[in-house]
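The structure appears right after this line, and notes come after that.
The values are calculated or read from the model by the stated rules, or taken from the named source; none is laboratory data. In this text, all values refer to a predicted model and were calculated from it rather than measured experimentally. Here the Cβ positions follow ideal geometry from the backbone for every residue, glycine too, while neighbour counts run over all protein chains shown. Note: areas computed on protein heavy atoms with side chains; ligands, DNA, RNA excluded. Shrake-Rupley method; radii C 1.70, N 1.55, O 1.52, S 1.80 Å.
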Amino acid sequence: MPPSVPLPLAPSPRAISLYFFGIFAVLGVYLPLFPSWLEGRGVRGLAMGAIAATLPAMGLVAPPVFGFIADSLGVRVWLIRAACAGALVAFGLLALSSALGVSLGFGGLFVTALAFAFFRAPMFMMADVVAMDTSLSSGIAYGRLRLWGSISFALMAIASGALIDPARPAAFPVAITAALLAAFTIAWTLPVHAEAPLRRPGQRGGAEGAATAPGSPAAGGSVRERARALLESRDFRLFLAASFLAQSANSSYDLCYTLHLRDVGFPESLVGVAWAVGVAGEIALMAFSGPLLKRFAPPAVLAFAFAGAALRWALLANVRWWPALLAIQPLHAVSFGMMWVASLAYTRDRVPPQILATAQGLFSASAGAGSVIGMLTWGELYKRGGGTLTFGVAAITASIAFVLAVTFARATRRSLSGSSIFPASSQCQE
């Protein structure tokens, strides 16, 4: 029998934090400005929803593919670099055509957005996987690594809102291309010397091997067999279903929030600030997520997060006074930040490390599927009934996710502490 391979060294906390900072700068420009930029190109309603849905649609396809490849071949950082390069090329072509005054039309915009979205998804999913490994090896909470991405998003949301005019055809795509170039450059600071391409799944030792619970559904066999066993577990299926619904509701924010602020008379110069206030709450949640996940089981935290999301969308549907809309924004810490860290805590605890990237890909795919349905729905709903109808339906959707999460929490036979991310290790057995 070949000797077991020691636990590989993960990238340094500083390197992965810097990478988070780089990739979230891209979203800090993309999410607040993309709907307005599309409107400026004459893309509205269902057409806008279809193009915007490419991002979550590829979140359905790309993460499981890249996750399976990562676990099967034992590579992660090289996949991150490849994903950054692909996204850079896709948006670079859009920036070039815009600068030259070439109109791509709906078809060209759709294909370009689709290519960008395919590579963008693993840029973020694989970063979470690497960050979880880094957290385990360094003892630094995942949230403290990830919060640098949130800080970057907030800064870029403010700067882009003040400096980039979506009405100018080339301004938006050039800014995204520049941010992607920075992210691609930073990806080369992540070391690959610890990666072991083509390592067989059973060849892991040390702390990583010890973390695998022999009795867990996915404790033995190939990556495909382990993934199949995980999907047969009732608690994991309920987790994926609740994630699907919650992210479907969250996508209403991504697509329609900026439009809603504009239509209710929110000062245009403060739109970026509104996004940043929400992210500030997310940053605070990330910074103190360690004690939260040590005190409460991730399924319970998820249920609370979904309830907070339902409240947030209900308030957005009914509030019109712009200072009150700004005051609601810290609920982003609950509806997104708390949901995200609890989901990763559960995934880290639930699966053996040999299929961590695959499991994370399945979670990302479920959330992506929810966003696809949402993006195809919210644009048309907003066109028909504005923010009242859009966020009202989102509140109902999040409420259903809450009910599923309560069921999921009860179905989890063993309380999960989240300590494998913050920072010890525990496993849930079905």
Given the options L259, A246, A229, identify the residue whose Cα lies farthest towards the positive end of the charge dipole of the stretch 209-352 (+1 on Cβ of Lys, Arg; -1 on Cβ of Asp, Glu).
A229
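With r defined as the distance between the Cβ atoms of L181 and V403 and R0 fixed at 51 Å, what FRET efficiency is calculated, to the nearest 0.05?
My answer for the efficiency is 0.70.
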In the neighborhood of A182, defined by Cβ-to-Cβ distances under 15 Å, what is the net charge if each Lys or Arg adds +1 and each Asp or Glu adds -1?
+2
In what sequence, highest mean first, do 343-350, 60-67 appear when ranked by Cβ atoms within 10 angstrom?
343-350, 60-67
Tell me the accessible surface of S12 in square angstrom (1.4 angstrom probe, heavy atoms of protein chains only), to the nearest ten.
60 Å²
Calculate the spin-label point distance for T189 paired with R320, positioning each point 7 Å from the Cα along the beta-carbon direction, and give it in nanometres.
4.8 nm
Gap separating the Cα centres of the stretch 61-107 and the stretch 119-147, nearest whole Å:
20 Å
Charge sum, other residues only, whose C-beta stays under 14 Å from A241's C-beta, Lys/Arg counted +1 and Asp/Glu -1
+1
Relative packing of peptides 232-241, 80-89, 150-159 - highest average C-beta neighbours within 10 Å first
150-159, 80-89, 232-241
Burial-style ranking of 298-307, 267-276, 97-106, average other-beta-carbon count within 10 Å with highest first, yields 298-307, 267-276, 97-106
If you average the sequence gap of Cα pairs under 8 Å that are 6 or more apart and divide by the length of the stretch 267-411, what percent do you get for the contact order?
39 percent
Positive dipole terminus of the chain, leading residue within A85, L302, F391 (C-beta point charges):
L302
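Can you tell me the length gained on complete extension of the stretch S12 to R237, counting 0.36 nm per residue apart and subtracting the Cα distance?
Between S12 and R237, full extension yields an extra 77.7 nm.
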